[in-house]
Amino acid sequence: MVDSIFSCLAHLEDATYQLYEVLFDKARDTRVRLLLGKIMLETRNHREILEQMSEDYENGPRPITDCRNGMGSLYTEAMASARMMKENVLGGMSILDAMKALVRYEDQVGEEYVMQAHAHLEAISGIDVVAKRLLEDIAADEKVHAGDLQLAIEIESKPPSLCGEEQVTSSRAPEVKLL
């Protein structure tokens, strides 16, 4: 792994945020939009925290090419997956299929990636308990996001007449100031 883990994780959170923006814009059920909006905002917050950590611990952000070259195939796969999923949704993939794929992805890659990040932190001298705590909090949020996605899948899977689906017309993302 590279010495710019926070910067690299911020790049990954940004790609994930962009995916959630597209999913949010495509969602029509208000409850699904609320869940996706929550995940989207928390993902943006994670990106901002990681960017700040990059400034504080790594002397600023690194180019994404450093991450691709230094963090290995798991990182590259995660970035490619988020970007490909975004393009697939923009190209017509249903949000239901996209959310199912995201849950599978979290189960397969998310845990392993977080473990790698934690192992890397253990090897870095001078990283304090605050940095470790923030990463642990982000990892805990990711588990909650998987549960939120599962709930959104259940809602999206039911016919509108069975779940009281309410159509929405606004595609504006919620405006919330974080940090």
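Values in this text are rule-based calculations from the coordinates and carry no lab data. The structure presented is a predicted model; accordingly, all values stated were derived computationally and were not measured. Note: ideal-geometry Cβ built from the backbone for every residue, glycine included; neighbour counts use all protein chains shown.
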Self-check item: Residues 64, 95 arranged by fewest to most Cβ contacts within 10 Å
Solution: 64, 95
Quiz item: Which order, highest average first, do 76-82, 130-136, 22-28 follow once you tally other Cβ atoms within 10 Å for each residue and take the mean per peptide?
Solution: 22-28, 76-82, 130-136
Quiz item: Under the classification rounded if a/c is under 1.5, otherwise prolate if a/b is larger than b/c and oblate if not, where does region 35-104 fall, given a ≥ b ≥ c as square roots of the Cα gyration tensor eigenvalues?
Solution: oblate
